[in-house]
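Following this message is one structure expressed as structure tokens.
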Amino acid sequence: MANNVLEIDDPLQADNTDNLPALHHSPNGFSERFAYGFTKLLRFCADTFFAKRYGHRAIVLETVAAVPGMVGATLTHLRCLRRMVDDDGWIRTLMEEAENERMHLMTFVEIAQPSWFERMIILIVQWVFYVSFFILYLVSAKTAHRVVGYFEEEAVLSYTLYLDEIDAGRTENIPAPEIARHYWNLSDDATLRDVVIVVRQDEAHHRDVNHGLADQLDGRSFDPATVAAYPIHAPELKPEKLNG
Ligand SMILES: [Fe+2]
Ligand SMILES: [Fe+2]
């Protein structure tokens, strides 16, 4: 099933075709159907709870999105120690993903402030999601990476809808926070729209990496050249003057 919703929505984005998914990964077999169904269930919950409040939606979902990379890195690290084998670069890739997702969160808390109710939801969801994802990764790392691949497909879609809200004038296109301008090396006059475009590019990259890792664990071939380009990120997460 092709994900038609993700077509280019604006001539400006036509320059960014490699950020957008060419194809949705069609689920095959129990593991992939489970991953896809689980993702769609969470998507339904997010749609019901947030509707079009994309700034708040981004905050809560980024607190979840930053979990799988760290769980995957931890469990891969422990498995490599036990088996005394090389990790083929997986651990750094997954840790970088977790850090990148945390930077999405640091950016969006500058844009929208979570309510006390959302903070409570974040606390509960983190416990439930961390424990369930940890168990899922132990039982089937392949399914866990497929889940993340599908999560990221949904993230790309959510940020595309966020862009639509900004372009339609329903969400104010405010100046980009300084932390975001620094991290993605954006110009001084960058706006929220520019931030959402680079965040979506990050998500597209994570999507392809995680589907690729799931493919590898399934014994299938994976061509790294098909992975969506990753934006350049600053080596230091914060500009010097923001360091306390
Ligand atoms: Fe993210
Ligand atoms: Fe993500």
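Mind listing the phi-derived Karplus ³J(HN,Hα) values for the stretch 125-130, rounded to whole Hz, using 6.51, -1.76 and 1.60 with θ = phi - 60°, and x for any glycine or proline?
4, 4, 4, 5, 6, 4
Still on this model: Can you tell me the dipole magnitude for the chain around its Cα centre, using point charges on the Cβ only (Lys, Arg +1; Asp, Glu -1), in Debye to the nearest 20?
Charge dipole, the chain, about its Cα centre: 1100 debye, nearest 20.
May I pose another question? Would you calculate the separation in nanometres between label points at GLU99 and GLU178, each defined as 7 Å from the Cα along the Cα-to-beta-carbon direction?
Between GLU99 and GLU178, the label points sit 2.2 nm apart.
Hey, rough spin-label estimate for HIS77 and VAL139, points 7 angstrom out along Cα→Cβ, what's it come to in nanometres?
With each label point 7 Å from Cα toward Cβ, the separation is 2.5 nm.
What is the extension gain from ARG33 to TRP116, computed as 0.36 nm multiplied by their sequence separation minus the C-alpha to C-alpha distance, in nm to one decimal?
Taking 0.36 nm per residue and subtracting the Cα distance, the gain is 26.4 nm.
By the scheme Lys and Arg +1, Asp and Glu -1, what is the net charge of all other residues having a beta-carbon under 12 Å from that of TRP90?
With Lys, Arg at +1 and Asp, Glu at -1, the neighbours total -3.
Quote to one decimal, in nm, the extra length available between ASP87 and ASP188 on full extension: 0.36 nm per residue of separation minus the C-alpha distance between them.
32.4 nm
Would you mind checking which residues have amide H under 5 Å from THR191's amide H? H placed 1.01 Å from N; only 5 or more apart, or other chain.
The answer is ALA176.
Let me ask something else. Want the number for ALA168 to THR226: 0.36 nm per residue separation, take away the alpha-carbon distance, what's left?
Value of the extension gain: 17.7 nm.
Share of Cα-Cα pairs in the stretch 25-242 beyond 23 Å, in percent?
When every Cα pair of the stretch 25-242 is considered, 47 percent fall beyond 23 Å.
Mind checking which lysines have their Cα closer than 27 Å to the Cα of LYS142? Skip sequence neighbours fewer than 8 apart in that chain.
Straight-distance partners of LYS142: LYS40.
Once you keep just the Cα pairs under 8 angstrom separated by 6 or more residues, what percentage relative contact order results for the stretch 25-242?
Relative CO of the stretch 25-242 lands at 22 percent.
How large is the helix-only mean residue ellipticity at 222 nm for the chain, computed as the sum of -39500 (n - 2.57) over DSSP H runs with n ≥ 4, divided by its residue count, in deg cm²/dmol to the nearest 500?
Estimated from H runs of four or more residues: -22000 deg cm²/dmol.
Now for a separate question. Below 8 Å between Cα atoms, with a sequence gap of 6+, how large is the relative contact order for the stretch 58-149 in percent?
Averaging sequence separation for qualifying contacts and normalising by length gives 41 percent for the stretch 58-149.
Coordinate-derived values only; no laboratory data. It should be emphasised that the depicted structure is a prediction, and the values quoted were computed from it without experimental measurement. As a convention, Cβ positions derive from the backbone with ideal geometry for all residues, glycine included, and neighbour counts pool all protein chains shown.
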